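Chemist: Here it is: the structure, laid out below.
The values are calculated or read from the model by the stated rules, or taken from the named source; none is laboratory data. The structure displayed is predicted, hence computed values, not measured ones. Heads up: the accessible areas ignore ligands, DNA and RNA and are worked out on the full protein's heavy atoms, side chains in. Shrake-Rupley method; radii C 1.70, N 1.55, O 1.52, S 1.80 Å.
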Amino acid sequence: MSRPANGKKKAAAFDAEAFLNSVGVARTMTEFARDETLFAQGDASKNIMYIQKGGVKISVVSKTGKEAVVGMLGPGDFIGEGGLAGQSLRMATATAMAPVSALVIENKEMFRVLHSERAFSDRFITYMLERNIRIEEDLIDQLFNSSEKRLARALLLLARYGKQDKPQRILPKISQETLAEMIGTTRSRVNFFMNKFKKMGFIKYNGGLQINASLLSVVLHD
């Protein structure tokens with residue numbers, strides 16, 4: 001355990017996954033195959049899920065039938081938390097981009113845990129605040145950045161740079177159509193930039209799409 005300059009021990013970070021896996025929490029481990037739906041838009045918001053492995057695409061279909069990808073989640077993320085805020089129906093569809101393992105917790109049980117376990121409650125609040133910051137950053141990205149920067153940022157987020165000590169260097173298979181929906185551009189533009197990134201050594205295809213940290217230079221370049 002590391003020690004700060006004053007010699008006192010730092011408190012260990014609360015391990016949300018270990019807690020959720022403990023016998024004190026009523027939960028169900030559920031496996032989802034690639035392209036399988038975790039829940040659909042319009043379903044009852046009866047539970048919340050904690051993703052242990054895999055990738056999940058969040059999409060919304062408008063009243064006119066137009067579909068848009070509004071988020072991508074991965075290990076360590078909660079999903080379907082709207083029911084905790086009184087949302088009776090799911091506002092989006094969650095689809096597995098790769099095989100997913102998730103802990104499924106009924107809303108009633110989640111409320112019990114949040115009220116009885118302060119450490120977990122603090123961790124969950126922190127997570128939700130970080131999610132809100134991410135949503136704000138996504139909006140700013142859409143409003144002010146070029147499609148090239150938006151694509152670079154989306155790829156880095158999918159690779160989870162800045163979120164984990166060991167980023168996920170090989171991404172689950174994701175189509176250029178999905179990437180185009182995520183950043184609000186056309187597939188042809190995504191294809192153009194992906195080829196450009198490949199030529200510059202920022203990405204490569206080797207048993208999957210591999211992201212190099214040097215792709216950050218595209219995001220940071222004015």
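Chemist: Can you give me the relative contact order of the chain as a percent, contacts being Cα pairs under 8 Å and 6 or more apart?
Modeler: 19 percent
Chemist: Need one word for the chain: rounded, prolate or oblate. Basis is the Cα gyration tensor (sqrt eigenvalues a ≥ b ≥ c); a/c below 1.5 gives rounded, then a/b vs b/c decides.
Modeler: Since a/c reaches 1.5 but b/c is at least a/b, the shape of the chain is classed as oblate.
Chemist: Give the accessible area for ARG187 in Å² (nearest 10); use a 1.4 Å probe, count only protein heavy atoms, and leave out ligands, DNA and RNA.
Modeler: Roll a 1.4 Å probe over it and ARG187 shows about 110 Å².
Chemist: How much accessible surface area, in Å² rounded to 10, belongs to the heavy atoms of ILE48 with a 1.4 Å probe?
Modeler: 0 Å²
Chemist: Still on this structure, please answer the following. In nm, what is the difference between 0.36 nm times the number of residues separating ASN195 and GLN41 and their Cα-Cα distance?
Modeler: Value of the extension gain: 52.0 nm.
Chemist: Carbon and sulfur: what percent of the chain's accessible surface (1.4 Å probe)?
Modeler: Answer for the chain is 55 percent, counting heavy atoms of protein chains only.
Chemist: Now, a different point. Would you mind computing Rg(Cα) / (2.2 N^0.38 Å) for the stretch 115-222, counting N as its residues?
Modeler: The value comes to 1.21.
Chemist: For ALA33 and THR126, calculate 0.36 nm times their separation in residues minus their Cα-Cα distance, and state this gained length in nm to one decimal.
Modeler: 30.5 nm
Chemist: Taking square-rooted eigenvalues a ≥ b ≥ c of the alpha carbon gyration tensor, is the stretch 57-99 rounded, prolate or oblate, where a/c under 1.5 means rounded and, failing that, a/b exceeding b/c means prolate?
Modeler: Oblate, because a/c is 1.5 or more while a/b does not exceed b/c.
Chemist: Can you compute the helix-only [θ] at 222 nm over the chain? Use -39500 (n - 2.57) per DSSP H run of at least 4 residues, normalise by all residues, nearest 500 deg cm²/dmol.
Modeler: Helix-only estimate at 222 nm: -11000 deg cm²/dmol.
Chemist: For ASP43, ASP138, ASP35, ASP77, give the ranking by accessible area with the largest first, probe 1.4 Å.
Modeler: ASP35, ASP43, ASP138, ASP77
Chemist: Let me ask something else about it. Taking 0.36 nm per intervening residue step and subtracting the Cα-Cα distance, what contour gain separates GLU106 from LYS204 on full extension?
Modeler: Here the answer is 31.2 nm.
Chemist: How much accessible surface does TYR205 have with a 1.4 Å probe, in Å² rounded to 10?
Modeler: 120 Å²
Chemist: Whole number in Å², please: accessible area per residue of the chain, 1.4 Å probe, ligands, DNA and RNA not counted.
Modeler: Accessible area per residue: 58 Å².
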